[in-house]
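Let me begin by presenting the structure, written as structure tokens, before commenting on it.
The values are calculated or read from the model by the stated rules, or taken from the named source; none is laboratory data. Predicted model, so just to flag it, every value in this text is computed and none were measured. Calculation scope for accessible area: heavy atoms of the full protein, side chains included, ligands and nucleic acids excluded. Shrake-Rupley method; radii C 1.70, N 1.55, O 1.52, S 1.80 Å.
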Amino acid sequence: MRRAGSALRTATVAVVALTACAVGPLTQAAQAAPSAGPACGVLAQGASAVAQSAIQAACGQIGVWYTWAGGHGPQPGATYGQVDPSDPERSAHDPERLGFDCSGLVRYAYAKATGQDILSGSANTQYHTSHASARFTADQGTGPLLPGDLLVWGGENSIHHIAIYLGAGKMVEAQQSDTRIMVSDVRLNGEYHGAVRIDGGPAQGGDFSTWSTGVWTHTQPSTTSPRVHQFAGPTSVRIGCQKHAQPVTAEGTTNDAWSYLPDYEAWITNIYIKGPAWLPGVPTCP
């Protein structure tokens, strides 16, 4: 048995904020006031009870200020924001305003719906959550989506904006500084990456967590293979299988076990997964 995280360091709100909610250049229409369309709510059939509750919680925040890094306190809920270093003029009043950034709103909505803080972290972390039951690509559009699905913008491992789908081509979002939480038309532009459906129950495939900071995953179970994604801090992950491969020595421990993370399509040494050296209940990779 090895130690499972005695050196774990807690990620700060500032770390979360660095990757939170950058919608990028918007058209003049997208910068306008909230959509004049339907009121915020479940606008299509098929949503789970958890998804409907999450929408209700998010819609209850319509009109609340967007604040950069807002909603990332010790518990889900609105917090005072910070000045966004990339847009200091627009975000100058965020430290005076109680509100949410995009991922802070999503975190709050699903915490209210499930009674658990299952979606803490940045938009990128939320997209790669182990609580996913389905994923959708950009080229699928909104056709297969159900209310409560999370829409994301950015790259596979650099998601920078997230919103909650309502149905009928609408979403509720905390868009950017100097705006309020609003209902918007879904933006299927070049930045749109896809969507993820959230399962409010235990994480699919087992609920494990990484530990330590700055931990990289790799394309193969080897530290010499290309890097894929870096975990800034402890992160809940879904593990598909594990295998014996390259021995790795880190944090005073040597282990040849590696785990495959299907949500990242990447491998991580078991040294950085909380638990024993060989994880219980996880199948061996073929």
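With an 8 Å cut-off on Cα pairs and a minimum separation of 6 or more residues, tell me the relative contact order of the stretch 128-286 in percent.
20
Just want to confirm a number: the relative contact order over the stretch 52-144, from Cα pairs under 8 angstrom separated by 6+ residues, in percent.
Value for the stretch 52-144: 27 percent.
What is the distance in Å between the Cα centroid of the stretch 232-273 and that of the stretch 77-108?
Measuring centre to centre over Cα atoms gives 34 Å.
Determine the gain in length on full extension of the stretch Ser222-Arg180; use 0.36 nm per residue of separation and subtract their C-alpha separation, reporting nm with one decimal.
My answer for the length gained is 10.5 nm.
In square nanometres and to one decimal, what's the mean projected area of the convex hull around the Cα atoms of the stretch 211-286?
Computing the convex hull of the Cα atoms and averaging its projections yields 4.5 nm².
Tell me, rounded to the nearest percent, the portion of alpha carbon pairs in the stretch 172-249 spaced more than 17 Å apart.
It works out to 69 percent of all Cα pairs.
Among the DSSP beta bridges whose two residues both lie in the stretch 169-286, what percent are antiparallel, rounded to the nearest 5?
Here the share of antiparallel DSSP bridges comes out near 95 percent.
Please report the Cα spread of the stretch 67-164 along all three principal axes, rounded to whole Å, starting with the longest.
40, 30, 21
Give me, ordered by chain and number, the residues 5 or more places off Arg180 or on other chains with an amide H under 5 Å from its own placed amide H.
Placed amide hydrogens put Tyr66 under 5 Å from Arg180.
Just the accessible area per residue of the stretch 156-280, please: how many Å² with a 1.4 Å probe?
Roughly 37 Å² per residue, with all protein chains present.
Quantify, in whole percent, the carbon and sulfur part of the accessible surface of the stretch 129-286 (1.4 Å probe; protein heavy atoms only).
51
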